[in-house]
Amino acid sequence: MSFRRKPNPNRNHPQYCPYCAGEDLYPDEETEFAWACQECARVFSVMFHGQNAPKHTPAQSLSTNDALRASLERSKAGSDDIAEDTGNAS
Ligand SMILES: [Zn+2]
């Protein structure tokens, strides 16, 4: 027989009491998320609900093959420009 319950993965661990900023906090039996402040005797809950999607997501970077291909095309186009320039100059 085990008296130890399974840990709650969604339980957060506050560093300070949100009411008095006290640091003497202990888990409370009120709920799975409750904390009891020993300095102001308040019981409060801290709960993680999830994460919102960001408003701006950066564009996905090219794969190594696509990046190499784009680089080779850029350098090829650049060498063509140089050849045309020398051709026009002479
Ligand atoms: Zn407090």
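The values are calculated or read from the model by the stated rules, or taken from the named source; none is laboratory data. Given the structure is predicted, the values throughout are model-derived calculations rather than measurements. FYI the Cβ positions are ideal-geometry reconstructions off the backbone, even for glycines, and counts take in every protein chain you see.
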* Working only within the range 3-43, note down all residues that are touching a strand residue (DSSP E or B) at 6+ places or on another chain (Cβ under 6 Å) and among the charged types (D, E, K, R). => 28, 30
* Taking interchain pairs and intrachain pairs at least six residues apart, which have beta carbon atoms under 9 angstrom, with the first residue in the range 14-25 and free of Cβ contacts under 8 Å to residues at least 40 places away in the same chain and near the ligand (Cβ under 6 Å from one of its atoms) and the second outside any loop (DSSP other than H, G, I, E, B) and not aliphatic (A, V, I, L, M)? -> 17/35; 17/37; 17/44; 19/37; 19/44; 20/37; 22/37
* To do: List every residue pair whose Cβ atoms sit under 6 Å apart, with the two residues 6 or more apart in sequence or on different chains, where the first one lies in the range 47-63 and is surrounded by 10 or more Cβ atoms within 10 Å (Cβ to Cβ) and the second, anywhere, is at pLDDT below 85.
  => 48/10; 48/12
* Structure fact -> Only one of (1) over 27 Å from the mean Cα position of the chain (by Cα); (2) within 13 Å of the ligand (Cβ to nearest atom) does not apply to residue 3, and that is (2)
* Asked: How many of the residues making up the range 19-48 are in a loop (DSSP other than H, G, I, E, B) and modelled with pLDDT of 95 or more?
  -> 11
